[in-house]
Structures are given as structure tokens and as C-alpha cells.
Amino acid sequence: GLADALHAEVSSFTERTGLPVTLDVGPGMPDVPTDVALALYRIVQEALRNAWSHAAASRASVHVACASGALVIEVRDDGKGFDPQARRGRAGIGLSTMRERARLAGAELQVTSRPGEGTRVQVRWPSPPTADAQG
């Protein structure tokens, strides 16, 4: 599932790049359709790649939780950050790709960053109600 794939990616990424990444997966992970799981996984991959190749981060973290009927994945780094307003309209291919993947998965993507303060990429996928909650 998605949690196992993220564990493998974080481990492999840290081994390949030397950038320490922590992963915290909270309880109650919903069943995620394969296409959505792949999109979320790729967003995490891109956020980590950006932290390593553009942000000059010394560490990063991935936090996965269920909150308010949604699966929320947050990737944070302690890198140099950037001004999202200054980049509006000319986002790099990585940010554009993450936004498109989120849109196609029915998720919301939010990127928060400030120069000198690192970056936070949050993707929120509204998980469908369980069969028990429907009826």
C-alpha cells in the first residue's frame, strides 16, 4: 500500500542522496485507490527531490495523517525556501507537475515557503466515507 511505498521511498532516497528524511505515518490510513496512491507517492517524490536539488536542505520530513475526513501528507524541509508569490505564473516543472497530479487525483495541493525558512508541501485527499458511515 501507500504507507509501505512511502517507507521504501524515504529509505531509498536517504541512501541515494544522504539527505536525512523522517517518515511518520499516523494510524487509520484509509484504503487509497491505486491511481490516487500513485499520484500522492509521486508528489512526495518530487517534493523530496526539490528539497535535495533546489533547497539545499539539511533534512526533511514526511508526515501522513488522517484528519477531518481527509488523508493529509505533508513534506517539510529546512532548506533555503523561496517566495511563492514571486514564482506565481512561472513555477518550475516540478511544482507544476505536483499541482497537476493533485488535481487529477481529486486532491488539493498547498505549497508554503519563505526565503530562509524552508518549504512545506501539503497534499490533502478527501477520503471517501467508509461503508459503515454511509448507511
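Just subtract the alpha-carbon distance of E100 and S58 from 0.36 nm times their residue separation and send over the number in nm, one decimal. List each step's numbers first, then the result.
Numbers: separation 42, 0.36 × 42 = 15.12 nm, distance 2.76 nm.
This chain segment gains 12.4 nm when fully extended.
Per residue, the accessible area of the chain comes to 57 Å² when a 1.4 Å probe rolls over the protein heavy atoms.
Compute the helix-to-body angle for 34-53: its Cα long axis versus the longest principal axis of the chain, expressed 0 to 90° and rounded to tens. Once rounded, one gets 20 degrees.
Just so you know, the Rg over Rh for the stretch 48-88 is 1.09, from Cα atoms, with Rh as the Kirkwood radius. Across the accessible surface of the chain, with the other protein chains kept in place and a 1.4 Å probe, carbon and sulfur atoms take up 50 percent. Using a Förster radius of 30 Å, what is the FRET efficiency between C66 and S11 based on their Cβ-Cβ separation? Nearest 0.05, please. E between C66 and S11, to the nearest 0.05, is 0.85. Among residues other than A70 with Cβ under 9 Å from its Cβ, the summed charge is 0 (Lys and Arg +1, Asp and Glu -1). Each principal axis of the Cα atoms in the stretch 8-98 has its own extent, and those three values, largest first, are 36, 32, 22 angstrom. The calculated 222 nm mean residue ellipticity attributable to helices in the chain amounts to -13000 deg cm²/dmol, summing -39500 (n - 2.57) over DSSP H runs of n ≥ 4 and dividing by all residues.
The values are calculated or read from the model by the stated rules, or taken from the named source; none is laboratory data. Being a predicted model, the structure only gives us computed values, none of them experimental. Cβ sites come from the backbone with ideal geometry, for glycine too, and all protein chains shown count toward neighbours. For accessibility, only protein heavy atoms count, side chains too; no ligands or nucleic acids. Shrake-Rupley method; radii C 1.70, N 1.55, O 1.52, S 1.80 Å.
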